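S.K.: Here you go, one structure.
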Amino acid sequence: TLTAYRQDLTQFLEHIDAAQINTVAAITPGHIYDFLAALRRNGLRPASLTRKAVSMKMWMQFLCREGFRDDDPTQALGALKAPLRLPTTLSLPEIERLMHAPPQDTPEGLRDRAMLETMYGCGLRVSELVDLKSDAVDLRAGLVRPFGKGRKERQVPLGDGVRETLTAYLASGRPKLLAKKPPTSARFVTSHGGPMTRQHFFLLMKTYARQAGITKRISPHVLRHSFATHLLSGGADLRAIQEMLGHASVQTTQRYTRVDVARLREVYDRTHPRA
């Protein structure tokens, strides 16, 4: 989130720099409108456009609070609300194909399979996945303890598939990746011995999705969405899903009920003779 806000503000500062605006006090509502209009013309999605506007609102509120401005030019934007978009999820056959895409005869493949299984099997955020330390996974107890937003720790059960792939990776893959390299507490490591990064894992996942014949817009968060949606489809309690996802509010989790209704509608339209 911080990275996204930083990118938004950097992009806006480049825009006003091109307009030869040298102080934050000289920024007007017109500069903000021009910036957002240019992004819209370039095809930026409504949700992303809203986030950029929110980034500027927060920044301007900070500048006013700290005494760098007397007024907030973003007030002219009015209330901002991103349109509701249902999360992208993978079907069970797509999940199976994705999980079997990494080769199992290389240490990197063992790692990647374990990461995919852990992310889907535990519903982790990608930042939680790459930040996992060795002591955060208890294979014997069948639990993983990720640190979520606000450094809040939670416990999530490990399924058999996650345990099996983690065991194989820890027994064979990780030792080979760390051979003749300094020890590290990172659970998932690269061939250079350093911790896996979000960007690296995203690229790996895109490659495996392409190999698996998945044409949907893919990202690590799609596995988290799929985790929640498949649990809900299987009859899991919404509060339990909230706890496993680490959502502060059940309202955030409730969006998956809309995904499930959409899936049921798709099945109905495809199979009912009077649909």
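The values are calculated or read from the model by the stated rules, or taken from the named source; none is laboratory data. Bear in mind the structure is a predicted one, so any value in this text is a computation, not a measurement. When we count neighbours, we look across all protein chains shown, and the Cβ atoms used for this are built from the backbone with ideal geometry, even at glycine.
S.K.: Got at least one residue in region 130-137 being assigned to a loop (DSSP other than H, G, I, E, B) and at pLDDT 90 or above?
M.R.: Checked against the condition, which is being assigned to a loop (DSSP other than H, G, I, E, B) and at pLDDT 90 or above, region 130-137 yields at least one hit.
S.K.: Do any helices (runs of 4 or more DSSP H) entirely within region 188-275 hold 1 or more residues that are touching a His at 6+ places or on another chain (Cβ under 8 Å), surrounded by 14 or more Cβ atoms within 10 Å (Cβ to Cβ) and at pLDDT below 90, and if so, which?
M.R.: Correct list: 250-253, 255-271.
S.K.: Test each condition in (1) outside any helix (DSSP H, G or I); (2) surrounded by 17 or more Cβ atoms within 10 Å (Cβ to Cβ); (3) touching an Asp or Glu at 6+ places or on another chain (Cβ under 8 Å) for LEU124 and report the one that comes out false.
M.R.: The single condition LEU124 does not satisfy is (3).
S.K.: Tell me, yes or no, whether region 108-129 has at least one residue that is out of contact with any helix residue (DSSP H, G or I) (no Cβ under 9 Å at 6 or more places or on another chain) and in the same structural domain as LYS206 (by TED's automatic domain parsing).
M.R.: Checked against the condition, which is being out of contact with any helix residue (DSSP H, G or I) (no Cβ under 9 Å at 6 or more places or on another chain) and in the same structural domain as LYS206 (by TED's automatic domain parsing), region 108-129 yields no hits at all.
S.K.: Can you tell which of THR184, THR118, THR165 is without any contact (Cβ under 8 Å) to a residue 60 or more places away in the chain and touching a Lys or Arg at 6+ places or on another chain (Cβ under 6 Å)?
M.R.: Within the list THR184, THR118, THR165, the selection yields THR165.
S.K.: I need every pair where a residue in region 1-30 that is at pLDDT 90 or above has its Cβ under 8 Å from the Cβ of a residue that is of a type in the set (S, T, N, Q), sequence separation at least 6 or different chains.
M.R.: Going by the 8 Å Cβ cut-off, the qualifying pairs are ASP8/SER55; LEU9/SER55; PHE12/SER55.
S.K.: Being in contact with a helix residue (DSSP H, G or I) (Cβ under 8 Å, 6 or more places away or on another chain), under 30 Å from LEU232 (Cα atoms) and polar (S, T, N, Q) narrows it down to one residue among THR74, THR50, THR88; which is it?
M.R.: Of the residues listed, the single one that is in contact with a helix residue (DSSP H, G or I) (Cβ under 8 Å, 6 or more places away or on another chain), under 30 Å from LEU232 (Cα atoms) and polar (S, T, N, Q) is THR88.
S.K.: Which of the residues that make up region 176-187 are out of contact with any helix residue (DSSP H, G or I) (no Cβ under 8 Å at 6 or more places or on another chain) and either surrounded by fewer than 14 Cβ atoms within 10 Å (Cβ to Cβ) or hydroxyl-bearing (Ser, Thr, Tyr) (or both)?
M.R.: ALA179, LYS180, LYS181, PRO182, PRO183, THR184
S.K.: Among the listed residues PHE68, PHE35, PHE12, identify the single one that is crowded, with 18+ Cβ neighbours inside 10 Å, of a type in the set (Phe, Trp, Tyr) and more than 26 Å from LYS149 (Cβ to Cβ).
M.R.: Of the residues listed, the single one that is crowded, with 18+ Cβ neighbours inside 10 Å, of a type in the set (Phe, Trp, Tyr) and more than 26 Å from LYS149 (Cβ to Cβ) is PHE35.
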